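Working notes for the structure below.
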Amino acid sequence: MREARFVVPFGSQGAADRAARAVALSIAADGMTLEVENVPGGGGLAGVRRAKALVAGSRDPVLLLATPSTHVLLPARLGPQAGPGSAFEPLLGLGSAPNVLLASPRLGVHNVGELVARARAGDLVYGSAGTGQTIHVCSALFCEQAGIRMAHRPFDEGSAGAYPELLDGRIHVYFDNLLGCREAIGRGDALALAVSSLRRSDLVPHVPTLAECGFPGHALDVWFGVFGAGVDSPWRSRIASAREDERLREQLQGLGLAGGPVDGEALAAIVAASAPRWLEALRSAA
């Protein structure tokens, strides 16, 4: 039996978790066990630390679900040692998806303009999945560009903790990724006001972009990928086969990811191309 670990540095039921479990189903094969482990906390820091500890303490391959939080924002905020480091190499790009600006249904706003006006009246709170994580950065950038202030409340468990608070009106705004929020939008638990991408999403075509709402400088997509350390030939072969898995491709597209799956070289190029935009946005969250 060949075993490997797959660390997801974010909570269960969220965007990253959904992408990771679709990949795990594609990669696993007879005689090969891939254990998915959610390790939320610190905007991805806890999961990265867990993955690095597994590499140091075991000969089994270790996979890491990566986003701009783990590979761009963490090292920028806390130093290179906080990131995954060179032991983890890019293996599989899963695609990218925008964050969606969500408002509590109890807030009584229906569009971005109304939200900005309400925020200027004071005392609004936005949630995130941790300080310095993509949701936090998108929210802080929005506040800066709109000239408003909202208090920040991080939830290490991510969406699982934030949505009950959003529904009850204890937080008012949440910038969740498209992968994790469509059900909440459909149930009426959250009102979608805008997406953070340059173009509208085909999955929520009625939701305008932030540029359409007067914020042309707010264009950030969240990429998702798989990095690995100590990955041997049998696991590399399974990961390579995932790129040709039409079922996985359809699952990722169904979740809201565009542009994947792609190989490690393409993933590395995506990471590098996105870094300047995320680093510029991070400055707004400082």
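For this structure, a couple of remarks:
- Order of Ser159, Ser58 - criterion: other Cβ atoms within 10 Å of each residue's Cβ, fewest first: Ser58, Ser159
- Packing order of peptides 91-97, 237-243, highest average first: 91-97, 237-243 (average count of other Cβ atoms within 10 Å over each peptide's residues).
- When the chain is treated as a Gaussian network with alpha carbon springs shorter than 10 Å, the biggest mean-square fluctuation among Asp202, Asp168, Asp245 belongs to Asp202.
- Label point distance in nm, Asp168-Asp123, each placed 7 Å from Cα along Cα→Cβ: 1.8 nm
- Comparing mean-square fluctuations of Val39, Val48, Val109 from a GNM of the chain with C-alpha springs under 10 Å, the top value falls on Val109.
- C-alpha long axis of helix 264-282 to longest principal axis of the chain, angle in °: 30 degrees
- For Gly42, net neighbour charge (Lys/Arg +1, Asp/Glu -1) across residues whose Cβ lies under 9 Å away: 0
- A Cβ-based charge dipole, computed about the Cα centre of the chain with Lys and Arg at +1 and Asp and Glu at -1, lands at about 480 debye.
- Note on the chain: antiparallel DSSP beta bridges, both residues inside, total approximately 60 percent of the bridges counted.
- Alpha-carbon centroids, segment 167-215 and segment 21-42: separation in whole Å: 28 Å
- Helical content of the chain, expressed as a calculated mean residue ellipticity at 222 nm, amounts to -12000 deg cm²/dmol (DSSP H runs of 4 or more residues, -39,500 (n - 2.57) each, divided by residue number, nearest 500).
- Residue order, fewest to most surrounding Cβ atoms within 10 angstrom, among Asp221, Asp123: Asp123, Asp221
- Comparing Gly83, Gly225, Gly259 in a Gaussian network model of the chain (Cα springs below 10 Å), the most mobile by mean-square fluctuation is Gly259.
- FRET efficiency for Ser241 and Ser58, using Cβ-Cβ distance with R0 set to 22 Å, rounded to 0.05: 0.35
Readers should treat all values here as calculations from the given coordinates under stated rules, not as data from a laboratory. Everything quoted here is computed from the prediction, not taken from an experiment. We place every Cβ from the backbone using ideal geometry, glycine too, and count neighbours over all the protein chains shown.
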